[in-house]
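Laboratory data are not the source of any read-out in this text; all were calculated from the coordinates shown. In this text the structure is predicted, and so the values were computed from the model without any measurement. Quick reminder, even Gly has a Cβ in these numbers, built from the backbone with ideal geometry, and neighbours come from all protein chains shown.
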Amino acid sequence: MRVRARGVTDSRGSCRGPRNSLMRMKPQYLFVVVVAGMVALYFIARSLLSLGAPAHAHAQAKPIVGPPSVQAKMIPETERPYDVVVRGRTQATRSVVVRSETAGVVAQAPVLQGTYVKEGQVLCRLAVDARQAALDQAHAAERAYELAVQQNEELAKKGFRSPTQVLQGQAALDAAHASVRQAEIALAQMNIKAPFAGVFDHRDAEVGTYLSPGQPCGTVIEVNPLLVVGDVPETQAAKMRVGATATARLVSGQTLTGRIRYVSRDADPQTRTYHLEMTLPNPKLDVRSGLSAEMHIGAGSGPAHLVPVSALVLDSAGRQGVRYVGADGRVAFAPVDVIEETHDGVWVTGLSGVVQLITVGQSYVADGQKVRVALAP
């Protein structure tokens, strides 16, 4: 039996296998196969190399982080007198709008606004009209009743007048006296006068103005002594004493000394502050009402620290204070009270001894955090 050999026999009788087929492949197909193989090898190699890459890359992307750096300054403790500072304004001791008590037309305005007036000085004079005639008539009636009473008394002695008639005549005379007094008051009300010595600060009625009862002639203010008023926070109210010496620094640059005359006992329900009044002598009337002022009220002495204004921060509870570095190198917060403001900083209480105060970076660190400190010169 003849067995046919595997393969394909060409016309010459030779066998043609797979290798021969690959060798006989066209060159362009062979190039495509080679390129595809190289691309496949590239992606296989890349995937194998990327297995160990993430841990190494992550290690490079995560730098070593140390404690944050801050700048600090050593602040010594200093014995200093305590001054409670209260901001306020100057105010007239008294201010009264002088009003007309009767109706009439302003006939004279003898005082210019802004001038000093004495108590009882006429500010506005109304036209008298018929009021003088009414007073003259009342005086005439008074004299007539006086004569009638005298005549009744003489006739009563002779028995020609009864006691009742005498009493009736006396009552009529009393009524005449009252009419005279009423006419005098009505005439006096034509002169609108200053209730106290002070400055006629503002005129409301000029000559020719008709005033009804209750309408203003002008305003009189008392500015000697002058008041400085302000509000004391509840934390400082206990240090205020009526009669204590105080100093007022005005926005005009003047510095005056006076005394505390009043501290309220009841706090304002909205601001929780206490109203305070200080008196200042003002004999020349050169200090005006309404000026901004800063009262410095002595409250003893004690330890204090001078810190930069920029070092003040607020904690999570809203308290004002400073951050410092403790002996363990960690940040700590201390609430403080400002007792005085100067050009070099603010004097505060609430710290003890020498403090390593954080002056730069205090807003970016937290309490208890470890920090690296660079001391400022």
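Treating the angle as unsigned and between 0 and 90°, give the value, to the nearest 10°, between the Cα long axis of helix 131-158 and the longest Cα principal axis of the chain.
Compared with the principal axis, the helix lies near 40 degrees.
Per residue of the stretch 268-282, what does 6.51 cos²θ - 1.76 cosθ + 1.60 with θ = phi - 60° give for ³J(HN,Hα)? Whole Hz please, x for Gly and Pro, Karplus curve as stated.
5, x, 8, 9, 6, 10, 10, 6, 10, 10, 10, 9, 10, x, 9
Need one number: convex hull volume per residue for the stretch 128-189, Cα atoms only, in Å³.
Convex hull of Cα atoms, per residue: 51 Å³.
Which entries of Lys239/Lys284; Lys118/Lys193; Lys118/Lys284 have Cα-Cα distances beyond 21 Å here?
From Lys239/Lys284; Lys118/Lys193; Lys118/Lys284, over 21 Å: Lys239/Lys284.
Got a sec? Charge dipole of the chain, +1 on Cβ for Lys and Arg, -1 for Asp and Glu; which of Val166, Val34, Ala107 is way out at the positive end?
Farthest towards the positive end: Val34.
At 222 nm, what helix-only mean residue ellipticity would the chain give, in deg cm²/dmol to the nearest 500, using -39500 (n - 2.57) for each DSSP H run of four or more?
Result for the chain, helices only: -8500 deg cm²/dmol.
Assigning unit charges at the beta carbon (Lys, Arg +1; Asp, Glu -1) and nothing else, what dipole magnitude in debye, to the nearest 20, does the chain show about its Cα centre?
Roughly 4420 debye, rounded to the nearest 20.
If we count other beta carbons within 10 Å of each Cβ, what is the order of Asp136, Asp201, fewest first?
Asp136, Asp201
Could you tell me what fraction of 2.2 N^0.38 Å the Cα radius of gyration of the stretch 88-232 comes to, as a two-decimal ratio?
1.60
How big is the shadow of the Cα convex hull of the chain, averaged over all directions, in nm²?
The Cα convex hull of the chain, projected and averaged over all directions, gives 56.2 nm².
Putting +1 on Lys and Arg Cβ atoms and -1 on Asp and Glu Cβ atoms, find which of Gln236, Leu211, Leu250 reaches farthest to the positive end of the dipole of the stretch 195-256.
So the residue furthest toward the plus end is Gln236.
Which residues' amide hydrogens lie under 5 Å from the amide hydrogen of Thr102, considering only partners 5 or more residues apart or on another chain, with H built in the peptide plane?
Gly214
In whole Hz, what ³J(HN,Hα) sequence does the stretch 100-111 give by Karplus (6.51, -1.76, 1.60; θ = phi - 60°), x for Gly and Pro?
Each residue's phi maps through the Karplus curve to give 6, 9, 9, 8, x, 9, 5, 9, 9, 10, x, 10 Hz.
Kirkwood hydrodynamic radius for the stretch 234-377: how many Å is it when counted over pairs of different Cα atoms?
Result for the stretch 234-377, one decimal place: 18.1 Å.
Over 15 Å, how big is the tail of the calculated P(r) for the stretch 176-215, in percent of all Cα pairs?
Cα-Cα pairs of the stretch 176-215 separated by over 15 Å account for 59 percent.
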